[in-house]
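To keep things clear, I will list the structure first and then write my remarks on it.
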Amino acid sequence: SQQGEEDPQALSIQEGENATMNCSYKTSINNLQWYRQNSGRGLVHLILIRSNEREKHSGRLRVTLDTSKKSSSLLITASRAADTASYFCATDLSGYSTLTFGKGTMLLVSP
Amino acid sequence: EAGVVQSPRYKIIEKKQPVAFWCNPISGHNTLYWYLQNLGQGPELLIRYENEEAVDDSQLPKDRFSAERLKGVDSTLKIQPAELGDSAVYLCASSSGLVTDTQYFGPGTRLTVL
């Protein structure tokens, strides 16, 4: 079963624009992680936010977490064509790295 | 540092045939995961190993799937016999096993069952 649900399912933007993806989940978590997957490749870890954190930054990425609403958002600023990929949120319920992934958001960044 | 290695990258078999996938995790990573990823979906955990012990195999279809990690390093996932619905990407990942450590994924094996 999949705990997280990403929204939107697909997003198409122009280079330089910001991209925002949302993730909702159902049960209490220890942490939430975002991963990127380029076509035909494995997943790459982007950022982890713990349940007691509200916001985290990494380069052009900003992640927020609202545990009261059981939701998270991933913001990619000044997007590039190379950001084209699928983005997945994954929840860790126990803190022992057993992750439950959502279905992902497909992001297309056009030059 | 080498990443997670998986082989083969692609496999095409006929239904009812057996198939095996191999994974070599990042050196020193005690925890190894096998995931199944269907088209348009996120990965779903099949089994998690801590060293050579399978600590979570609740989602592994044990009637046809088996896995082993005999020496606590590399691992093999087997399907016997394969069914049409097994067509998917099989991903291996590893982590150091520390709490909240991230997982590092291999490129996956794309299985097509005809």
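Couple of notes before you dig in:
- When segment A:75-91 is filtered for residues that are in a loop (DSSP other than H, G, I, E, B) and in contact with a helix residue (DSSP H, G or I) (Cβ under 9 Å, 6 or more places away or on another chain), nothing remains.
- From the list A:Ser72, A:Ser39, A:Ser94, the lone residue that is away from chain B (no Cβ under 13 Å), under 27 Å from B:Asn38 (Cα atoms) and out of contact with any helix residue (DSSP H, G or I) (no Cβ under 6 Å at 6 or more places or on another chain) is A:Ser72.
- Test: residue in segment A:31-48 that is out of contact with any Phe, Trp or Tyr (no Cβ under 8 Å at 6 or more places or on another chain) and in contact (Cβ under 8 Å) with a residue 60 or more places away in the chain: yes
- Scanning segment B:10-24 turns up no residue that is in a loop (DSSP other than H, G, I, E, B) and farther than 17 Å from B:Glu83 by Cβ.
- B:Glu83 falls short of the stated requirement of being of a type in the set (Asp, Glu), in contact with a Gly (Cβ under 6 Å, 6 or more places away or on another chain) and more than 28 Å from A:Trp34 (Cβ to Cβ).
- Strands (runs of 3 or more DSSP E) wholly inside segment A:1-47 that include at least 1 residues being loosely packed, with under 14 Cβ neighbours inside 10 Å: A:10-14
- Residue in segment B:89-101 that is nearest to the other protein chains (Cβ to nearest Cβ), counting only those that are surrounded by fewer than 20 Cβ atoms within 10 Å (Cβ to Cβ) and either of a type in the set (Ser, Thr, Tyr) or out of contact with any Ser or Thr (no Cβ under 9 Å at 6 or more places or on another chain) (or both): B:Thr100
- Some residue of segment B:68-88 being in a strand (DSSP E or B), within 14 Å of chain A (Cβ to nearest Cβ), touching a strand residue (DSSP E or B) at 6+ places or on another chain (Cβ under 6 Å) and at pLDDT 95 or above: yes
The values are calculated or read from the model by the stated rules, or taken from the named source; none is laboratory data. If you're wondering where the values come from, they're calculated on a predicted model, not measured in any experiment. In this analysis, Cβ positions are derived from the backbone assuming ideal geometry, glycine residues included, and neighbour counts consider all displayed protein chains.
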